[in-house]
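The values are calculated or read from the model by the stated rules, or taken from the named source; none is laboratory data. Predicted model only: the values in this text are computed from it and were never measured. Cβ placement follows ideal geometry from the backbone for every residue including glycine, while neighbour counts extend to all protein chains displayed.
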Amino acid sequence: MRVLVVEDERRLASIIKRGLIEEGYAVDTVYDGEEAQYMAETTTYDIIILDIMLPKKDGIAVCKDLRAKKINTPVLMLTARDSVEDRVKGLDSGADDYVIKPFAFSELLARIRALLRRESISKTPKIQVGDLSLDTLTREAWRGDRKIDLTTKEYSILEYFMSHPNMVITRTMLEENAWDYEYDSMSNIIDVYIRRLRRKIDADDENSMIQTIRGAGYRLKTA
């Protein structure tokens, strides 16, 4: 899951980013409205955490412009204003939910999970590829009757593969959807995670589902 955090108070942005990374999210941070809009228009995110009071362009205007351009990524607004009028203004701009500052990180995390669950339900809560199944609500994976224990990063990678069965997935595609912009593309971390997933998914008597496509990337085969 990839998150865009838009908050001009850098200390708060850093706290949010660190907490989300510990929960297994890939996180990009920006500090003004114009950069936020550019990132949201050029990168696919699962959720945007958007402060209202921002330099260059406020969060309300950013959210309105994104919705006008048919970018429907869930938006969770951060606001220091506790009036009903301000909250209504934020929701009317196209935001999906809001958190009032100061807030506990646990509350922010719960609201993020709620928005992501809502998105998963509106799509398909369970993904099935051959005898491999994934529940996006409980984040549980199974191959046949065998449960597979996954780390948060392994889950993110497997969910992406299972959402694109039989499709060649390049390293760049994995980088863009499971890591943030601080990822070192020269490292072999993707290969490490693919090996881990293969070991967990494939038992001795099972055919390997994740194939290496030489010179191209990887593919999750359906049969």
Just one listed residue, out of 185, 156, is under 16 Å from residue 136 (Cβ atoms), modelled with pLDDT under 90 and of a type in the set (S, T, N, Q), and it is 156
Residue 31 being surrounded by fewer than 20 Cβ atoms within 10 Å (Cβ to Cβ), free of Cβ contacts under 8 Å to residues at least 12 places away in the same chain and hydroxyl-bearing (Ser, Thr, Tyr): no
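For segment 98-109, name all the residues that are buried (at least 17 other Cβ atoms within 10 Å of the Cβ) and in a strand (DSSP E or B). Before you say what the answer is, go through the steps one by one.
Taking segment 98-109 as the starting set, the residues that turn out to be buried (at least 17 other Cβ atoms within 10 Å of the Cβ) are 98-99, 108.
Within segment 98-109, 98, 99 qualify.
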Conditions (1) part of a loop (DSSP other than H, G, I, E, B); (2) more than 25 Å from residue 43 (Cβ to Cβ); number of the one not met by residue 86: (1)
Go through 15, 52, 21, 60 for me and flag whichever is of a type in the set (A, V, I, L, M) and within 23 Å of residue 175 (Cβ to Cβ). 21
Condition first: modelled with pLDDT of 85 or more, out of contact with any Phe, Trp or Tyr (no Cβ under 9 Å at 6 or more places or on another chain), under 13 Å from residue 51 (Cα atoms) and crowded, with 16+ Cβ neighbours inside 10 Å. Can you find one or more residues in segment 112-120 that meet it? no
Residues that are within 21 Å of residue 118 (Cα to Cα) and either more than 11 Å from the chain's Cα centre (by Cα) or basic (Lys, Arg) (or both), at least 2 per element: which helices (runs of 4 or more DSSP H) completely within segment 1-83 meet that? 59-68
